[in-house]
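The values are calculated or read from the model by the stated rules, or taken from the named source; none is laboratory data. Quantities reported herein were computed from a predicted structural model and do not represent experimental measurements. Cβ sites come from the backbone with ideal geometry, for glycine too, and all protein chains shown count toward neighbours. Only protein heavy atoms, including side chains, enter the accessible area calculation; ligands, DNA and RNA are left aside. Shrake-Rupley method; radii C 1.70, N 1.55, O 1.52, S 1.80 Å.
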Amino acid sequence: MSPNHPPASLASGADGQAVSGVGAAIAATRAPRGQARAALIAAAHSMVRKQGYAATTVDQICAAAGVTKGAFFHHFASKEALAVAAAQAWTERARPMFEMPPHTQLDDPLARLIGHIDFRFAMLDGPVEEFTCFVGTMVQEAFATSDAIRAACEASITAYCAALVPDIAAAIDVYDAPEDVTALGLAQHIQAVLQGSFILAKTTNDPAIARESVTHLKRYIRMLFAPPGAP
């Protein structure tokens with residue numbers, strides 16, 4: 001789950017490498033006292049999406065967040081602890097996607113579901129790291145080496161699926177759908193397509209292939225709920 005960010009100017013990390021996106025915006029000024037934890041989490045979101053979990057160091061995160069290493073260890077016992085907290089924060093960051101967009105006010109549950117897919121499609125623009133999923137990126141690297149990170153990512157992805165379930169269940173009640181279709185199963189399929197589309201976009205460094213995948217997803221959902229014999 002990954003809201004877009006406006007472009008930000010480049011800033012230098014602790015190792016002299018350029019830091020972009022949210023990290024650069026944060027690094028422009030040192031985080032005020034009391035805001036260091038949030039700045040560290042935002043920097044982790046930005047940097048892990050861009051260069052991966054293993055390649056992102058504590059020094060780089062501190063530089064991007066504009067905090068000292070001492071402040072880092074005041075809030076987090078380790079890089080793994082930050083990763084777990086950042087995964088939890090990612091879930092909260094995605095919550096407005098299910099509460100604020102206009103499609104959430106539509107009466108028809110299928111229209112709300114299609115509206116959500118359209119909303120996700122509209123987000124697939126700009127640099128790949130700006131729309132890819134933090135927890136999806138991180139779990140691919142850390143699932144076998146950190147059970148704490150794996151579980152935190154699982155919880156975040158499960159929360160996304162759970163947020164889709166009510167509209168899918170209502171659409172199943174209103175429209176004809178195959179008997180073996182479940183609300184949770186379809187929600188997980190939507191998440192699987194989105195996460196897969198992010199991976200495809202990374203292979204080309206271009207959102208076009210992701211947008212095509214989500215277009216196919218929308219077509220599939222329409223076909224799934226279409227009345228028998230409908231064109």
Checklist entry - When the chain is fully extended, how far beyond the present Cα-Cα distance does H75 get from A155, taking 0.36 nm per residue of separation? => result 26.6 nm
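What does the charge add up to near A89, with Lys and Arg as +1, Asp and Glu as -1, over the other residues with Cβ less than 12 Å from its Cβ?
Values: positive: R37, R93, R95; negative: E92.
Local net charge: +2.
Of all the accessible heavy-atom surface of the stretch 75-195, with the other protein chains kept in place and a 1.4 Å probe, what percent is carbon and sulfur? Can you show the working numbers first?
Details: 3160 of 5440 Å².
Using a 1.4 Å probe with all protein chains present, the stretch 75-195 comes out at 58 percent carbon and sulfur.
Taking the stretch 143-231, which GluC sites (Glu not before Pro) meet the DSSP loop condition and have no more than 16 other C-beta atoms within 10 Å? Walk me through the intermediate numbers first.
Details: sites: E154, E179, E212; in loops: E179.
When the GluC sites (Glu not before Pro) of the stretch 143-231 are filtered for loop state and at most 16 Cβ neighbours within 10 Å, E179 remain.
Would you list Y53, Y160, Y220, Y175 from the most to the least accessible area, probe 1.4 Å? The partial results should precede the final answer.
Details: Y53 40, Y160 0, Y220 95, Y175 65 Å².
From most exposed to least exposed: Y220, Y175, Y53, Y160.
Hey, with R₀ at 22 Å, roughly what FRET efficiency would V181 and K218 work out to, going by the Cβ-Cβ distance, to 0.05?
Values: r = 16 Å, r/R0 = 0.74.
Calculated transfer efficiency: 0.85.
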Next on the checklist: Please report the accessible area of T203 (heavy atoms, 1.4 Å probe, ligands and nucleic acids excluded) in Å², nearest 10.
Outcome noted: 100
Item to check | Alpha carbon centroid spacing (whole Å) that separates the stretch 154-172 from the stretch 80-130 | outcome: 12
Checklist entry - Once fully extended, how much extra length lies between F143 and T68, figured as 0.36 nm per residue of separation less the alpha-carbon to alpha-carbon distance? => result 24.1 nm
Next on the checklist: With a 1.4 Å probe and all protein chains left in place, how much accessible area per residue does the stretch 148-198 have, in Å²?
Outcome noted: 45
Next on the checklist: For D176, what accessible surface area do you get with a 1.4 Å probe? Give it in Å², rounded to 10.
Outcome noted: 100
Item to check | Accessible surface of R95 - all protein chains present, 1.4 Å probe, nearest 10 Å² | outcome: 100
